[in-house]
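The values are calculated or read from the model by the stated rules, or taken from the named source; none is laboratory data. Keep in mind that this is a model prediction, so the values were computed, not measured. A quick note on method: Cβ atoms are made from the backbone with ideal geometry, for glycine too, and the neighbour counts reach across all protein chains shown.
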Amino acid sequence: MDALVAAWLPGSEGQGVADVLFGDFGFTGTLPRTWFKSVEQLPMYVGDKNYDPLFPFGFGLTTKPPAAVQT
């Protein structure tokens, strides 16, 4: 697997998720929280000697620039 989009429950905004998945718009996304590797790592604080998250706060990517808007 090259990527994962966690859209959870997009509700009325599901069309926006579909637009990104089908390439109509560029995708950018960052994590709003740290994802730890296991529950044993909790509590986890930045700077701890054992700080080794699966994905740190703010981890993310950009796939391509958004499509140009016609004016």
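Any residue at all in segment 17-31 that's at pLDDT 85 or above, of a type in the set (Gly, Ala, Ser) and part of a helix (DSSP H, G or I)?
Yes, the conditions are met somewhere in segment 17-31.
Being in a loop (DSSP other than H, G, I, E, B) and surrounded by 10 or more Cβ atoms within 10 Å (Cβ to Cβ) is the requirement here; does residue 7 meet it? Please lay out each step first, then the result.
Working: in a loop (DSSP other than H, G, I, E, B): yes; surrounded by 10 or more Cβ atoms within 10 Å (Cβ to Cβ): yes.
Here the answer is yes, as residue 7 does meet what is asked.
Considering each residue of segment 25-57, count those that are in contact with a helix residue (DSSP H, G or I) (Cβ under 8 Å, 6 or more places away or on another chain) and of a type outside the set (A, V, I, L, M, F, W, C), and give that number.
Narrowing segment 25-57 to residues in contact with a helix residue (DSSP H, G or I) (Cβ under 8 Å, 6 or more places away or on another chain): 25-27, 50, 52-53.
Cutting the leftovers down to of a type outside the set (A, V, I, L, M, F, W, C) gives us 26, 50, 52-53.
The number of residues fulfilling the criteria is 4.
For segment 32-62, how many residues are of a type in the set (Val, Ile, Thr), exposed (fewer than 11 other Cβ atoms within 10 Å of the Cβ) and part of a strand (DSSP E or B)? Show your work before the answer.
Looking only at segment 32-62, we keep the residues that are of a type in the set (Val, Ile, Thr), and these are 34, 39, 46, 62.
Okay, now just the ones that are also exposed (fewer than 11 other Cβ atoms within 10 Å of the Cβ), so 39, 46.
If we keep only those that are part of a strand (DSSP E or B) too, we end up with none.
Residues that pass the stated criteria total 0.
What are the pairs, 6+ residues apart or on separate chains, where a residue within segment 50-62 that is under 21 Å from residue 25 (Cα atoms) has its Cβ under 9 Å from a residue that is at pLDDT 85 or above and hydrophobic (A, V, I, L, M, F, W, C)?
Hits for this filter: 59/35.
Among 58, 47, which is the only one that is among the small types (Gly, Ala, Ser) and more than 24 Å from residue 3 (Cα to Cα)?
Of 58, 47, the one residue that is among the small types (Gly, Ala, Ser) and more than 24 Å from residue 3 (Cα to Cα) is 47.
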